[in-house]
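Computed from the coordinates by the stated procedures, all read-outs in this text should not be read as laboratory data. This one's a predicted model, so the numbers in the text were calculated from it and none came from an experiment. Cβ coordinates were reconstructed from backbone atoms using ideal geometry, including for glycine residues, and neighbour counts include every protein chain displayed.
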Amino acid sequence: MRSHTASQIGQDTVGKMVTLAGWVDRRRHHGGVVFVDLRDHTGMVQVVLDPEAIGESAELRREFCVQVRGKTVRRPEGAENPDMAGGMVEVEAAELKILSRSEELPFLIEDRITAEELLRLEYRYLDLRRPGMARNLRARSEALRTVRRTLEDLDFWEVETPTLIRSTPEGARDLLVPSRHNPGSFYALPQSPQIYKQLLMVAGVSRYYQMCRCYRDEDFRADRQLEFTQIDIEGSFWGQEDVLATVEKVIMAVVAALRPDQAVGAPFRRLTYSEAMSRYGTDKPDLRFGMEIVELSDVFAETGFRAFAGVLAAGGVVRGINAGPIAVSRARADALIDKARQFGAGGLVWMVAEEGGRLRSPVAKFLSEAELEGVVRRLGGNPGDALLLVADGERTVSEVLGRLRSELGKPDDPGRLEFLWVVDFPMFEERDGEITFLHHPFTSPADTEMMRDRPLQAAARAYDLVLNGVELGSGSVRIHDSDVQRQIFEILGISDEEAEERFGWFIRALRFGTPPHAGFAVGFDRLVAVLRGVASIREIIPFPKTQTGAEPLSRTPASVSNRQLKELGIAVDPRRIKASPPA
Ligand code: ASP
């Protein structure tokens, strides 16, 4: 139905008859003619119609779907639009066919969108017509193709794993699917293909990958989705370095495809987990700016300032950041102190560097010359820089300064890409008095004995990939020894019977000559979102869910018929049913 797309119309087609098909983006009546910006998936072309010759031109409205045949001509002098690709030419219509009409639109199809997100999602098919959204979809497709091509060239096999499985422990809640054949039994949707990709290693597959959908019934903090896409990889006779080098190749190929303006070199920078925590207060630091956390405990070892002395005597630490030239007014200082408290600190000490290496601070009078000098020496500070100090237990100090750092830090060049590997994660952490895994329970310890004797101090062979302060993915070297796997379940407080019942089938597989193996998974939506510079993965997922897990277009989730429930042997507790449908 067309000879050219919008983006193909330009100087090259001048004088040619072309046939275009697309949507009426804008329509103006001007000096007896109708101008239409005709939009398709590639861009926009200006079409000029003479209503005398083509009667239907007068009927055109926004988003009518049309076919136009006409000649490409240079625009008259003064009417060129150098901002628009193809803005030097236009198409003089000889024929117009209205293919289908559009109702009144719920919002205008343009990138400066002001419509509520809920409305955008309800009419997602219109929202996706916006040029920016079309570019996102296209970038996503390009990224998918690039990942596949790169991994295929490296001899990876794409192997699909089931989506109706027995629940796998990856730290989130499962989404369940009832079994009609076995009422009372359920499938879980995979939180990731973790166990299956490991079974593929046992099965002798050497290099596996899958562009897979993962399902996690998480609370909707921080831009998560119930379902999302991962680049999932695994390899046998592989260790950490093999995984990192492979992931770097994939990522660099995607960057080259989506952000050719950015030169990203490998190997990516690396920090151990404990370095990341002590220098940046987080395991996903944004390295587009410095503002490192600096140790000051020794500067205050003999201090007479009670607040610091007390913390140090109790085994705590004093550390600080140079937050740069932010004006610390009374109100700003109070706000910072409130923030620090909110993040878990008892308080915050602020100082402002002044000319001559002096410091202005409400606590300056309690500090010795040597202490003030020590702070300036460690934290540096040009006149006007704000220095923020926190004294508390080490964990709290890291957390609080890390969060202040991420709020106050501003990259000079926000478009820059700073990739980082964080390696040597701990094996376990304590949460509410219980030991839980940090990555997942199939992760190999760095030292099995250490893990047995002092689990909370034990390091894992686990690593994360971080981009501009965003965690892009995680992976690990896996356990390939069924005894070690059992020990982990024991440390996690999973009894032998329970382990047998839930994972016996997997532990058994490890007993048949399992090769050492390792792998990784990259959050694909997030990778594309950061590279496209959009704030939410919802801009990258064609049909995403809202923050409450609803899909406003089809009004999902929805109730099902009593007959369906009966077949499944399920009764819904009427007291749990919400009066208003989800939105
Ligand atoms: N299954 C892990 C995850 O989804 C990734 C991996 O360890 O390969 O986070």
- Å³ per residue enclosed by the Cα convex hull of region 92-138: 126
- Message: Restricting things to Cα coordinates, could you compute the convex hull volume per residue of the chain in Å³?
- Response: 232
- In degrees rounded to 10, the 0-90 angle between helix 330-342 Cα long axis and the longest Cα principal axis of the chain is 70
- Within straight-line cross-link reach of Lys249, lysines at Cα separation under 28 Å, skipping those fewer than 8 residues along the same chain: Lys197, Lys284
- Task: Please determine, in degrees from 0 to 90 and to the nearest 10, the orientation of helix 482-491 with respect to the longest principal axis defined by the Cα atoms of the chain, where the helix direction is its Cα long axis.
- Result: 70
- Item | Estimated D of region 427-570 in µm² per second, where Rh is the Kirkwood radius over Cα pairs and Stokes-Einstein applies at 37 °C, 0.692 mPa s | 175
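Could you compute the FRET efficiency for Glu449 and Thr5, with r as their C-beta to C-beta distance and R0 at 56 Å, rounded to 0.05? All intermediate terms of the calculation are to be shown ahead of the outcome.
Values: r = 64 Å, r/R0 = 1.15.
Plugging the Cβ-Cβ distance into 1/(1 + (r/R0)^6) gives 0.30.
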- In degrees, nearest ten, helix 496-509 long axis to first principal axis of the chain (Cα): 60
- Message: Only four residue types carry charge here, +1 at the Cβ of Lys and Arg and -1 at the Cβ of Asp and Glu. Report the dipole size of the chain about the Cα centre in Debye, rounded to the nearest 20.
- Response: 1420
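Which percent, nearest 5, of DSSP beta bridges in the chain are antiparallel?
On the way: 90 of 98 bridges.
In the chain, approximately 90 percent of DSSP beta bridges are antiparallel ones.
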- Note on the structure: region 403-469 -> Rg/Rh from Cα coords, Kirkwood Rh, value 1.13
- Note on the structure: Mean separation of Cα contacts under 8 Å (at least 6 apart) over the residue count of the chain, i.e. the relative contact order in percent, is 13
- Task: In whole Å, largest first, what are the principal axis extents of the Cα atoms in region 212-283?
- Result: 36, 35, 34
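Using only C-alpha atoms and all pairs of different ones, pull out the Kirkwood radius for region 195-335 in Å with one decimal.
Working: mean 1/r = 0.0491 Å⁻¹.
Final number for the Kirkwood radius of region 195-335 is 20.4 Å.
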- Task: With a point put 7 Å past each Cα toward its Cβ, work out how far Val14 is from Thr163 in nm, to one decimal.
- Result: 5.1
- Message: If I take the Cα coordinates of region 1-115 and project them onto the principal axes, what are the three extents in Å, biggest first?
- Response: 38, 31, 30
- Note on the structure: Taking every other residue with Cβ under 14 Å from the Cβ of Leu151 and scoring Lys and Arg +1, Asp and Glu -1, one gets -2
